[in-house]
Amino acid sequence: MRRVFRGSGVLRASALIAITCTSLASLTSCKRETRRLRESPPSATPGGAVRVSSLQPGVAQDTTHARNLYEGNAYAVSEGQRLFNWYNCSGCHANGGGGMGPPLIDDEWIYGAGPEQIYTTIVQGRPNGMPSFAGKVPAQQVWQLVAYVRSLSGLNPASTRSARTEHMMYYPGSQALPMETSPKQAFRPPASEMP
Amino acid sequence: MARCRPDVSRSCVWALTSAKRMCGVLTLGVALIMAQACTREQTPERAHDPAVPAAPAMAGPRASVALDAEDGQWTMPAKSYSAARFSQLGEITADNVKSLRPAWSFSTSVLRGHEEPPIVVNNTMYVLTPYPNILYALDLTQPGAPKKWQYEPKPESAAQGVACCDVVNRGPSFADGKIVFNTLDNNVVAVDAATGNALWKTKVGDINTGETMTMAPLVVKGKVLVGNSGGEMGVRGWLKALDLASGKLLWTAYSTGPDSEVKIGSRFKAFYPKDRGKDLGVKSWPGEQWKIGGGTVWGWLSYDPQLNLVYYGTANPGPWNPDQRPGDNKWTSSLMARDPDTGDAVWAFQMSPHDLHDYDGVNESILLDVPWKGQTRKALLHPDRNGYVYLMDRSTGEVLSANPFVHITTSRQVNLANGSLEYVSEKEPEIGKVVRDICPASPGGKDWQPSSFSPRTGLVYIPHQNLCEDEEGLEANYIAGTPYVGMNVRMYEGPGGHRGELTAWDPIAARPAWKLTEKYPVWSGTLVTAGDVVFYGTMDGWFKAVDARNGKPLWQYRTGSGIIGQPVTYRGPDGKQYVAVMAGVGGWAGAIVAGNLDPRDSTAALGFAAAMKDLPSDTQKGGTLYVFALP
């Protein structure tokens with residue numbers, strides 16, 4: 001059932017949602033709008049070893065990524081979007097296209113795209129300029145940021161991505177416009193015609 | 001044989017003596033040729049001396065400039081204290097430049113934007129890279145200029161995270177046997193020019209408050225003058241003087257704050273009433289906003305030894321969002337004149353009060369002597385980001401003329417009666433409102449890329465961009481060590497559809513003599529020579545020579561990466577004239593390539609990536625020095 005939802009846009013699938021929400025199998029999808037007020041996030045810090053390399057000497061162990069409970073929750077993603085500006089992430093990564101920091105809307109992940117990898121990147125910082133936010137941002141908010149950052153390149157369920165923004169700049173990870181397939185060669189219409 | 005060649009980069013007397021000393025076997029014939037060459041290229045103290053340049057290249061009254069005797073070297077980025085970037089070497093001319101060809105090249109092993117010039121002293125070329133700020137010394141007396149040594153200051157890698165606009169460096173300076181330069185992590189370093197040993201290293205800033213250093217120091221009277229970068233990070237700007245011999249801090253002049261810290265005292269006299277008053281660096285700000293108000297000093301300094309004044313500009317106020325800082329925000333986006341001995345301000349002039357669009361005032365001031373209404377004025381010419389070329393009296397700060405050199409929608413004019421910039425209120429950004437067609441865009445009519453001036457043509461060669469933008473104000477949060485901007489920006493090409501221009505500006509008529517257009521912003525400096533050739537580079541990697549008199553294209557060569565460096569020229573140990581430039585795209589304009597940015601987000605790189613979407617298909621990363629000569 002999850003596969004069905006992943007492939008559907010929210011607007012087009014509203015009828016489908018109405019139907020499937022009545023089935024027990026679709027409970028996870030209906031959590032899209034859940035407000036998690038009393039929170040127990042995946043864990044305060046990611047469990048086990050967080051690897052930023054896929055190369056492991058000897059027998060490979062523990063290659064699964066941690067699951068971020070916020071991943072399928074639209075409210076948490078939108079909170080992540082607010083915090084992304086609040087903590088000045090946008091100052092370096094812009095609205096995902098990058099600037100002082102690397103872009104987040106493309107498919108290149110220097111330190112890994114897994115939720116626990118992004119979590120540790122934010123908390124620990126990285127040697128070439130990413131500051132360490134350890135002790136500055138509560139764990140719950142970091143997980144919300146992780147959910148939003150992954151949404152920028154379409155790594156979370158489409159149903160949780162933010163809708164059209166009111167700002168000058170649309171968020172490429174939002175549902176305002178379809179994602180393009182060849183990012184760095186792509187040309188946008190002239191600025192005056194943009195939303 | 002190469003070793004036996006006398007050093008013609010010094011005075012001819014010196015060269016001939018040294019020739020005798022070093023090479024006993026030197027034949028009379030060679031000596032005669034030498035002497036002849038020296039007669040040709042030896043130059044007097046002042047360029048307006050009738051002897052050299054022999055004949056003006058253009059008719060009519062011309063501005064002139066104070067130049068040192070031509071020694072064939074290039075010891076500081078702007079070549080001379082007057083910042084003219086004019087070489088009196090005349091072997092390469094508008095007639096023969098078409099035969100120019102590469103002599104040798106050198107890879108810097110760094111992939112980020114190379115805005116720096118190579119400098120040439122004592123038959124050695126010094127090449128400073130962007131972060132990690134490696135200094136190479138190349139031996140010009142040997143074929144192919146092999147490396148003599150390299151010095152690695154090993155700046156903190158975290159500094160890259162607070163550099164607003166790529167991790168560039170704008171060059172080293174030579175003085176008293178030392179190469180001095182700034183590192184990205186706020187160290188000023190002096191290295192022995194002969195051995196490459198570090199002599200002193202002084203830390204003057206903190207990356208945790210957002211400070212970095214990217215500017216080229218200017219050495220004046222045994223003092224190393226340096227300033228900070230970080231106007232996008234809520235940094236408080238300053239200019240500091242360090243003792244060249246010891247590296248000890250001598251004085252600090254802040255750009256904001258009380259007069260005592262801005263070093264405004266009894267000698268200060270602003271020309272216009274708008275710039276007069278006590279503690280304007282505090283009173284023109286809300287609360288204590290001046291402490292994080294910007295006004296950094298990351299651009300160019302010039303120096304008049306007779307008036308004993310240094311001139312430099314201060315950067316934008318922070319944050320960009322103007323709603324959060326009502327007031328004039330002094331002394332941001334201003335020109336300052338200071339006594340280098342004490343740091344005391346003698347005059348100041350704010351070009352863009354309460355700056356609305358990131359119009360830094362850090363661009364170069366070229367010190368010209370200009371015939372003006374029947375008398376010769378000691379002037380400075382400053383092409384500002386706000387789109388006007390200011391011609392000012394450099395003794396007093398009076399504006400003689402201020403005319404636009406690009407399309408401007410953000411202001412109506414500079415009022416010469418009171419020196420004020422008359423803003424167009426419809427173009428003021430606001431929180432939550434998108435304002436369109438803001439021209440020039442935030443990098444301004446012209447950014448850091450330095451102009452040159454030829455006393456032979458009397459023209460200033462201004463490399464610049466032709467960009468406009470849309471802006472939307474956002475609330476900016478101050479978190480030390482993170483960006484403090486509060487603006488969504490997206491840029492696009494200005495009228496005409498081209499994004500770059502080279503403007504030859506006539507300072508007396510205060511209008512362009514001619515203009516060339518380029519596809520991309522001209523983000524490189526310009527160089528002009530006594531051969532009446534202007535050199536500059538383009539972001540798609542063309543190194544170009546045009547006729548200084550009329551802009552006629554004469555020659556071009558495609559380098560391996562986009563050019564944003566500062567071309568220089570020098571006389572080699574073999575007596576030939578060489579032209580050198582760094583290739584290596586990057587900087588704010590080239591961040592889309594240097595930082596692999598994704599232009600689907602049109603606010604990437606503070607909106608610059610939107611205007612440069614096609615650059616990645618036209619050039620690649622990579623720092624290389626190219627050196628050219630006639631066959």
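The values are calculated or read from the model by the stated rules, or taken from the named source; none is laboratory data. Please read all numbers here as calculations on a predicted model, not as lab measurements. Ideal geometry is used to build each Cβ from the backbone, glycine not excepted, and the neighbour counts take in all protein chains shown. With ligands, DNA and RNA removed, areas are computed over all heavy atoms of the protein, side chains included. Shrake-Rupley method; radii C 1.70, N 1.55, O 1.52, S 1.80 Å.
Inter-chain neighbour count for A:120-132: the average number of beta-carbon atoms from partner chains within 10 Å of each residue's beta-carbon is 3.
Mind checking the dipole of segment B:52-629: about its Cα centre, +1 per Lys or Arg Cβ, -1 per Asp or Glu Cβ, Debye to the nearest 20? Before the final figure, lay out each step's value.
Numbers: 54 positive and 60 negative charges, 218 e Å.
I would put it at about 1040 debye.
Sequence-distant contacts, meaning Cα pairs under 8 Å at least 6 residues apart, place the relative contact order of chain B at 15 percent.
For chain B, the longest principal axis of the alpha carbon atoms and the long axis of helix B:12-22 meet at an angle near 50°. For segment B:462-477, putting each phi into the Karplus relation 6.51 cos²θ - 1.76 cosθ + 1.60 with θ = phi - 60° gives couplings of 9, x, 7, 10, 9, 10, 10, 7, 10, 9, 9, x, 10, 6, 9, 9 Hz, in residue order, rounded to whole numbers and with x for Gly and Pro.
Close amide H pairs (under 5 Å, H built 1.01 Å from N) link residue B:236 with B:294, residues at least 5 positions away or on another chain. Here segment A:66-176 is treated as a sphere whose radius is the Kirkwood value from Cα pairs; by Stokes-Einstein at 4 °C and 1.567 mPa s it diffuses with a coefficient of 95 µm²/s.
Can you give the extra length, in nm with one decimal, that the chain gains between residue B:514 and residue B:373 once fully stretched, where that is 0.36 nm per residue apart less the Cα-Cα distance? Intermediate values should be presented prior to the final figure.
Working: separation 141, 0.36 × 141 = 50.76 nm, distance 2.35 nm.
Difference between extended and current length: 48.4 nm.
For the peptide A:82-94, the mean number of other protein chain Cβ atoms found within 10 angstrom of a residue's Cβ is 5.
Tell me, how many Å apart are the Cα centres for segment B:106-121 and for segment B:561-631? The two parts, judged by their Cα centres, are 10 Å apart. Counting only alpha carbon atoms, the long axis of helix B:28-41 and the longest principal axis of chain B meet at about 30°.
Note on chain B: dipole from Cβ charges, positive end direction compared against B:184, B:103, B:347; the farthest Cα belongs to B:103. Among the listed pairs B:278/B:330; B:201/B:223; B:263/B:283; B:240/B:269, a Cα-Cα separation exceeding 18 Å is found for B:240/B:269. If you take the Cα centroid of segment B:377-409 and the Cα centroid of segment B:426-473, the two points sit 14 Å apart.
For the ranges B:526-533, B:211-218, B:333-340, what's the packing order if you count other beta-carbon atoms within 10 Å of each residue, average per peptide, and put the highest first?
Values: B:526-533: 26.1, B:211-218: 27.8, B:333-340: 24.6.
Highest-to-lowest ranking by the protection proxy: B:211-218, B:526-533, B:333-340.
Taking Lys and Arg as +1 and Asp and Glu as -1, the other residues whose beta-carbon sits under 10 Å from that of residue B:397 total -1.
Think of segment A:66-176 as a dipole: +1 on every Lys or Arg Cβ, -1 on every Asp or Glu Cβ, centred on the Cα centre; then among A:112, A:129, A:88, A:88 lies furthest on the positive end.
For the listed peptides A:56-69, B:432-445, a ranking on the average number of other beta carbons within 10 Å per residue, highest first, reads B:432-445, A:56-69.
Taking only protein heavy atoms and a 1.4 Å probe, what accessible area per residue, in Å², does chain B have with all protein chains in place?
Values: 19220 Å² over 631 residues.
Averaged over the residues of chain B, the accessible area is 30 Å².
Converting phi to 3J(HN,Hα) with the Karplus coefficients 6.51, -1.76 and 1.60 and the offset θ = phi - 60°, segment B:277-289 yields x, 8, 6, 5, x, 10, 6, 8, 10, x, x, 9, 4 Hz in sequence order, with x at every glycine or proline.
Compute the signed sum of charges (Lys and Arg +1, Asp and Glu -1) over the other residues within less than 11 Å, Cβ to Cβ, of residue B:291. Could you put the intermediate results ahead of the total?
Working: positive: B:236; negative: B:261, B:288.
Surrounding charge for residue B:291 is -1.
Please report the base-10 log of the normalised intensity I(q)/I(0) for segment B:52-629, using a Debye sum with one equal scatterer per alpha carbon and no solvent, at each q in 0.11 (1/Å). Debye output, listed in q order: -0.92.
Its relative contact order, with pairs defined as Cα atoms under 8 Å and 6+ residues apart, puts segment B:399-529 at 24 percent.
Full-extension gain between residue B:396 and residue B:252, please, as 0.36 nm times their residue separation minus the C-alpha to C-alpha distance. Mind dumping the intermediate values first?
Details: separation 144, 0.36 × 144 = 51.84 nm, distance 2.27 nm.
Contour length minus Cα-Cα distance gives 49.6 nm.
What total accessible area, in Å², is buried where chains A and B meet, using a 1.4 Å probe and rounding to the nearest 100? Counting both chains, the buried surface is close to 3100 Å².
Between residue B:437 and residue A:107, the modelled labels are 4.1 nm apart [label points 7 Å from Cα along Cα→Cβ]. A Cβ-based charge dipole, computed about the Cα centre of segment B:216-328 with Lys and Arg at +1 and Asp and Glu at -1, lands at about 340 debye.
May I ask you to derive the FRET efficiency for residue B:424 and residue B:556 from their Cβ-Cβ distance with R0 = 35 Å, giving the value to the nearest 0.05? Kindly include the intermediate steps, with their values, before the conclusion.
On the way: r = 39 Å, r/R0 = 1.10.
Working from the Cβ atoms, E equals 0.35.
Between residue B:98 and residue B:154, the distance separating the two model label sites (each 7 Å from Cα on the Cα→Cβ line) works out to 5.4 nm.
Can you tell me what percent of all Cα-Cα pairs in segment B:439-526 are more than 17 Å apart?
Details: 2184 of 3828 pairs.
That fraction is 57 percent.
With a simple spin-label model that places each label point 7 Å from the Cα along the Cα-to-Cβ direction, the separation between residue B:614 and residue B:195 comes to 5.4 nm. What is the sum of charges around residue B:468, taking Lys and Arg as +1, Asp and Glu as -1, for the other residues whose C-beta is under 13 Å from the C-beta of residue B:468? Value of the local net charge: -1.
May I ask you to list the residues of segment B:382-399 whose amide nitrogen lies under 20 Å from a point 7 Å from Cα along the Cα→beta-carbon direction of residue B:341? Under cut-off, by backbone N: B:395-396.
Using a 1.4 Å probe on the protein heavy atoms, what percent of the accessible area of chain B belongs to carbon and sulfur? Mind showing how you got there, number by number?
Numbers: 10010 of 19220 Å².
Carbon and sulfur: 52 percent of the exposed surface of chain B.
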